[in-house]
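Colleague: Structure incoming, see below.
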Amino acid sequence: MATRERKDSTRARANVLREFLTHSTKANRFDHQEIKDVLDLCLSCKGCRAKCPAAVDMAKLKAEFLQHWHDAHPAPLRIRAIANYASLMRLDKPFAPVFNFLVGPPADLEADQRRCWASRRALSPASRTSTPTWSRRNCGSPPARWPGAA
């Protein structure tokens, strides 16, 4: 709806997907750049499913397409970094000051070009102390629900 282009409509997405899935000669019928381009603007909000008389769930179809796409094409670094953000932050403890400098306000304008996501989206600063360690130091012992709690 935002682009007001017919090619960006839900019906066009469904038609392109149907066309390639029924007439493709590739072993992986989902492996077409055209499908990726058409589904790129889909937000997976499921609004189309409620309005569709046939209850076609484009969000589910997009998720299925992306799985097949990434089976054939490795996920970009940006997607892998966001998916593994918690694990990366655990590894970041020794380098917390460097990380904070690279993503903090002084380097923020330059970093916007490299990180490939919204410039107004701030990253949390890294800390050398984990929450359970901080809690042990300041409160005695962490609650039992934390992994590794005594």
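Colleague: Keeping to the stretch 1-36, report how many residues are part of a loop (DSSP other than H, G, I, E, B) and not acidic (Asp, Glu).
Modeller: Residues flagged as part of a loop (DSSP other than H, G, I, E, B) and not acidic (Asp, Glu) within the stretch 1-36 amount to 13.
Colleague: Restricted to the stretch 3-28, and to residues that are open to solvent by 100 Å² or more (accessible area, probe 1.4 Å) and touching a helix residue (DSSP H, G or I) at 6+ places or on another chain (Cβ under 8 Å), which residue is farthest from Ala72 (Cα to Cα)?
Modeller: Arg6
Colleague: If I filter the stretch 32-88 down to residues being in contact with a Phe, Trp or Tyr (Cβ under 9 Å, 6 or more places away or on another chain) and among the β-branched types (Val, Ile, Thr), which single residue comes out as farthest from Glu5 (Cα to Cα)?
Modeller: The residue in question is Ile82.
Colleague: Okay, next question. Phe65 fails exactly one of the following numbered conditions: (1) at pLDDT 70 or above; (2) exposed (fewer than 11 other Cβ atoms within 10 Å of the Cβ). What is the number of that condition?
Modeller: It is condition (2) that Phe65 fails.
Colleague: Assess whether Leu39 counts as being among the aliphatic types (A, V, I, L, M), in contact (Cβ under 8 Å) with a residue 12 or more places away in the chain and closer than 14 Å to Leu66 by Cβ.
Modeller: Considered against the rule, which asks whether it is among the aliphatic types (A, V, I, L, M), in contact (Cβ under 8 Å) with a residue 12 or more places away in the chain and closer than 14 Å to Leu66 by Cβ, Leu39 comes out as yes.
Colleague: Sticking with this one: Out of the helices (runs of 4 or more DSSP H) lying entirely within the stretch 44-96, which hold 3 or more residues that are among the aliphatic types (A, V, I, L, M)?
Modeller: Where helices (runs of 4 or more DSSP H) fall fully within the stretch 44-96 and carry at least 3 residues being among the aliphatic types (A, V, I, L, M), they are 58-72, 77-83, 85-91.
The values are calculated or read from the model by the stated rules, or taken from the named source; none is laboratory data. Every value quoted in this text rests on a predicted model; they were computed, and no experiment measured them. When we count neighbours, we look across all protein chains shown, and the Cβ atoms used for this are built from the backbone with ideal geometry, even at glycine. Areas reflect the complete protein model, heavy atoms only, side chains present, ligands, DNA and RNA absent. Shrake-Rupley method; radii C 1.70, N 1.55, O 1.52, S 1.80 Å.
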